[in-house]
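To keep things clear, I will list the structure first and then write my remarks on it.
Please treat every number below as a calculation from the coordinates, not as lab data. A quick note: this is a predicted structure, and the numbers were derived from the prediction, not measured. Please note: Cβ atoms are built from the backbone with ideal geometry, for glycine as well, and neighbour counts cover all protein chains shown.
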Amino acid sequence: MLVTVSDGKAVRIAGDPDHPVTQGFLCAKVNRYVERTYHADRLTTPLRRTGPKGSGQFEAISWDAALDEIATRLGDIARSTDGAQAILPYSYAGTMGMVQGESMDRRFFHLLGASKLDRTICAMAGTVGMRMTVGANVGADGEGVPESDLVLLWGTNTLTANPHLWPFILEARARGAPIICIDPIQTRTALQCDEWIAIRPGTDAALALGMMHVLFAKDLEDRDYLERHTLGHEELRVRAAEWTSARTAAVTGLTEDVVVSLGERYGRARAAFIRVNYGLQRHAGGGMAVRNIACLPAIAGHWRRPGGGVQLSTSANFQFDRAAISRPDLGPAVRTINMIRLGDALTLPDAGTGGPPVRALVVYNSNPAAVAPERNAVLRGLAREDLFTVVLEHFQTDTADWADIVLPATTQLEHWDVHFAYGHHYVSLNRPAITPVGEAKPNSEIFRLIAARMHMTDAAMRDDDVTIIRQALASQSPKLRGVSFDALLERGWMRLNLPTPYLPYADGAFATPSGKCELLSSRMADLGFDPLPDYIPPYESIERDPALVKRFPLTLISSPAHTFLNTTFGNITSLRRQAREPEVLLHPADAERRGIASGMTVTVHNDRGAFLARARVEPSIREGVAWAPSIWWGKLAGDGANVNQTTSQRETDLGHGPVFYDNQVEVGVA
Ligand SMILES: Nc1nc2c(c(=O)[nH]1)N[C@H]1C(S)=C(S)[C@@H](COP(=O)(O)OP(=O)(O)OC[C@H]3O[C@@H](n4cnc5c(=O)[nH]c(N)nc54)[C@H](O)[C@@H]3O)O[C@H]1N2
Ligand SMILES: Nc1nc2c(c(=O)[nH]1)N[C@H]1C(S)=C(S)[C@@H](COP(=O)(O)OP(=O)(O)OC[C@H]3O[C@@H](n4cnc5c(=O)[nH]c(N)nc54)[C@H](O)[C@@H]3O)O[C@H]1N2
Ligand SMILES: [Mo]
């Protein structure tokens, strides 16, 4: 991002036209980052709660008073019989950098001996799915897409969630590649594609198996690649034979023609690019689904060529020296709490994991009162009078309303950081463009200050932000060779030490224990799963819980609204106006059955909770599926509720991830 500053104020923000991927444009949200930074509601001083929990009543206090209170309260808990494990950090990506999200904060909690947080909320199921098959969450390079001859956008709303890939896709299309979208919703991305395949949610693993069946049955496999670079292809051939197009069609809710045609086109293509993304892994079998899809390019030999392969993420190529910046060695062995089970962690006496209850919660870079599943359980926990809650934030979010102490944090424009990416291969340096707004401080500085107040004398708590950036870059990984602080200072970004386009598995060399693409995986067997690609139905499906599906017949998907970034930007007037109000999209047949017409206020509910939304009735969604573009701030909705009132704390098959879209509801006129 290029920021224009005039008289010390940021006045304009733009993409860097020289950047090979972002090419001078920003997404709809980040375009508003200046408006967000100077928003009238920006937190500018520390605050102490004056009213009841959740009331949002606070008074301004000094940094000294705030830090003293935090140090005293955390110190008391650490010294009590419950010990420091009764303290839980809660964070996710924030502004997504290494310094403000994985350095001083981590060192502080390690030294303190606080509980660890398993940061699963976004990507873990798919990440582990990739690891099982190809060895790492490393896949094809988006910059190769122009050379691909078939593009599958599989469980991803590219134009909303990842628009910088789109120009590459258009180039492939201009050279003749058809673009196919596999999504239960006809998203704005699906509308721009040549074909929309409206799959039944949570059944992608079965579709991949059905495609494998076609590949083997019609001799479209790459025998040479299979022989040389895969493990278990004979066993897989037998498994795939079970997934006839009739069986695949019955499970996925597609026609046999669609399944066969997709398999044939994939097999006949030379370099098909599959952009699989995180939407499709938010179901019980989400890890297996990604694992199965990751097998396809090995079967068809597409990894050999630029533009061929699967991309879930590029993040694992950014091998910063994470241990050096987060210093896990500083602390004792402690329990780990899964962030998607925050409701349980705060309401069960042993936090759901054995050990002491959670008595203090320190939240930064996240808004769990809005984004975590089973929101009613989370709010019950945050309401506990005996819980001491600290929130580091830009705004008075749903979560900040429940805090005892709120601390004002800096934004992207105000602090140093170094960034990995998950859609491309460029490291970015973030230099502060302006001085902090009000009394805001960087997360890193806040943790340095709390540590000093708690008399933590370890030298690790005194490194400054630029030192941390240098430590992150001083990695032994050849992929970071040549990527230095000084070079980044000059240009802002640098490609990892990888060829362009990067073909990770053209000659095999998978990162699995066998060095092969593991179609048959003994690690899957060790985890108690079928070692071969398999189909695991959603928890809330006709296969696993028909009685529940009878009561709650609609599958609710709550993927991102175009103008929100999770809940970040949810309070920005211009963007909220575009998002209108909480909505739910229904198929006309589902709406008619319930006497619902577009514009009516409806209640969306299940046994976990309910929220109100305005109905939008259109055939741009699969029958039996509903879509609530997300994530709204609860406090900005008329009923104070949001979609996570209905979602569950259950975990995916692999990686202990969330199952946000494995969620059956009923919708009725309010
Ligand atoms: N504008 C915007 N951009 C964002 C974000 C945002 O909030 N707003 N969030 C960012 C973050 S943190 C993430 S993780 C990514 C998420 O972006 P993506 O990885 O693209 O994931 P989602 O948007 O959750 O889901 C993508 C699509 O998957 C579809 N889907 C749901 N269930 C299934 C299924 O079972 N099978 C198939 N085939 N499709 C399914 C949904 O309908 C949706 O259109 O986006 C990032 N970019
Ligand atoms: N129903 C449903 N729920 C979902 C999802 C979904 O698709 N549907 N998506 C899930 C996904 S993929 C994700 S990644 C999570 C995201 O959940 P979160 O990580 O909680 O993301 P945000 O809601 O964007 O909240 C980030 C907060 O961090 C603050 N922040 C940003 N930068 C900084 C900083 O430098 N310092 C401090 N102290 N604060 C900062 C922002 O102001 C914002 O309030 O939500 C998940 N929840
Ligand atoms: Mo995410």
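Could you list, by residue number, the cysteines of the chain that have no other cysteine's beta carbon within less than 4.7 Å of their beta carbon?
That list is Cys27, Cys122, Cys295, Cys517.
For Val418, what residues show an amide H to amide H distance below 5 Å, using hydrogens built from the backbone and excluding near sequence neighbours?
Met98, Val99, Gln100, Asn430
I want to check the label-to-label distance for Asp639 and Asp118. Put each point 7 Å from Cα in the C-beta direction and report it in nm to one decimal.
Going by the 7 Å Cα→Cβ label model, 3.2 nm.
Give the distance, in whole Å, between the Cα centre of the stretch 160-191 and the Cα centre of the stretch 561-624.
Between the Cα centre of the stretch 160-191 and that of the stretch 561-624, the gap is 24 Å.
Report the trypsin sites (Lys or Arg not before Pro) located in the stretch 192-296 that are in a DSSP loop and have at most 16 other Cβ atoms inside 10 Å of their Cβ, or state none.
Those satisfying the criteria are Lys218, Arg270.
Run the numbers on the stretch 341-415 and let me know its relative contact order in percent, using alpha-carbon pairs under 8 Å that are six or more apart.
Computed over the stretch 341-415, the figure is 28 percent.
Taking the Cβ of Ala547 as the center, what net charge do the other residues with Cβ under 14 Å away carry, scoring Lys and Arg +1 and Asp and Glu -1?
Spelling it out: positives minus negatives among the neighbours equals -2.
Toward the positive end of the charge dipole of the stretch 378-426, about the Cα centre and with charges on Cβ (Lys, Arg +1; Asp, Glu -1), which of Pro408, Leu392, Gly423 goes farthest?
Farthest along the dipole direction, towards plus: Gly423.
Please figure out what share of the DSSP beta bridges in the stretch 546-669 is antiparallel and state it in percent, rounded to the nearest 5.
Close to 65 percent.
Treat the count of other C-beta atoms within 10 Å as a stand-in for reagent exposure and order Cys517, Cys193 from fewest to most.
Result, fewest neighbours first: Cys193, Cys517.
Under a point-charge model restricted to the Cβ atoms of Lys and Arg (+1) and Asp and Glu (-1), what is the dipole moment magnitude of the chain relative to its Cα centre, in debye to the nearest 20?
440
Would you please name the trypsin sites (Lys or Arg not before Pro) within the stretch 66-128 that are DSSP coil residues with at most 13 other C-beta atoms within 10 Å of their C-beta?
Passing both the DSSP loop test and the Cβ count: no residue.
Please give the charge dipole size of the stretch 546-669, origin at the Cα centre, charges +1 on K and R Cβ atoms and -1 on D and E Cβ atoms. Round to the nearest 20 debye.
Charge dipole, the stretch 546-669, about its Cα centre: 280 debye, nearest 20.
Out of Pro436, Gly381, Val363, whose Cα points farthest toward the positive end of the dipole of the chain (charges: +1 Lys, Arg; -1 Asp, Glu; placed on Cβ)?
So the residue furthest toward the plus end is Pro436.
For the chain, what's the relative contact order in percent, using C-alpha pairs closer than 8 Å and at least 6 residues apart?
The normalised contact order for the chain reaches 20 percent.
Going by the alpha-carbon gyration tensor, a ≥ b ≥ c the square roots of its eigenvalues, is the stretch 546-669 rounded (a/c under 1.5) or, if a/c is not under 1.5, prolate (a/b greater than b/c) versus oblate?
oblate
Which percent, nearest 5, of DSSP beta bridges in the chain are antiparallel?
Of all bridge pairs located within the chain, approximately 45 percent are antiparallel.
Say a site is exposed when it is one of the GluC sites (Glu not before Pro), sits in a DSSP loop, and has at most 11 other Cβ atoms within 10 Å; what is then the longest site-free stretch of the chain?
Longest gap between qualifying sites, sites excluded: 386-670.
Place a +1 charge on the Cβ of each Lys and Arg in the stretch 50-195 and a -1 charge on the Cβ of each Asp and Glu, then give the dipole magnitude about the Cα centre in debye, rounded to the nearest 20.
It comes to approximately 300 debye.
Which residue, chosen from Phe109, Ala249, Leu165, occupies the Cα position most advanced towards the positive end of the dipole of the chain, where the dipole is computed from +1 (Lys, Arg) and -1 (Asp, Glu) charges on Cβ about the Cα centre?
Value computed over the given set: Leu165.
Name the long-range amide H neighbours of Leu26: under 5 Å, sequence gap of 5 or more, or other chain; modelled H, no Pro or chain starts.
Answer set, sorted by chain and number: Gly15.
How do Met104, Met456 rank when sorted from fewest to most other Cβ atoms within 10 Å of their own Cβ?
By the 10 Å Cβ count, ascending, the order reads Met456, Met104.
Given Lys116/Lys635; Lys479/Lys516; Lys116/Lys516; Lys29/Lys116, which pairs have Cα atoms separated by over 24 Å?
Lys116/Lys635; Lys116/Lys516; Lys29/Lys116
In the neighborhood of Arg491, defined by Cβ-to-Cβ distances under 15 Å, what is the net charge if each Lys or Arg adds +1 and each Asp or Glu adds -1?
With Lys, Arg at +1 and Asp, Glu at -1, the neighbours total -2.
Is the shape of the stretch 125-312 rounded, prolate or oblate, going by the alpha carbon gyration tensor and its root eigenvalues a ≥ b ≥ c, with a/c under 1.5 for rounded and a/b larger than b/c for prolate?
Since a/c stays below 1.5, the shape of the stretch 125-312 is classed as rounded.
When the helix-only estimate is applied to the chain (DSSP H runs of n ≥ 4, each -39,500 (n - 2.57), divided by the residue count), what is the mean residue ellipticity at 222 nm, nearest 500 deg cm²/dmol?
Mean residue ellipticity at 222 nm (helix-derived): -8000 deg cm²/dmol.
Which whole-Hz ³J(HN,Hα) couplings does the stretch 346-361 yield from phi under the Karplus relation 6.51 cos²θ - 1.76 cosθ + 1.60, θ = phi - 60°, glycine and proline marked x?
8, 10, 8, x, 9, 6, x, 10, x, x, x, x, 7, 10, 9, 10
Take Trp63 and Ala383, extend 7 Å from each Cα along the Cα→Cβ direction, and tell me the distance between the two endpoints in nm.
In this crude label model, Trp63 to Ala383 measures out at 3.6 nm.
Around Ala172, with a cut-off of 9 angstrom between Cβ atoms, what is the net charge of the other residues, counting Lys and Arg +1 and Asp and Glu -1?
Here the charged neighbours net out to -1.
Using modelled amide H (1.01 Å from N, peptide plane; none on Pro or chain starts), what sits under 5 Å from the amide H of Asp118, excluding residues fewer than 5 places away?
Result for Asp118 returns Ile337, Asn338, Met339.
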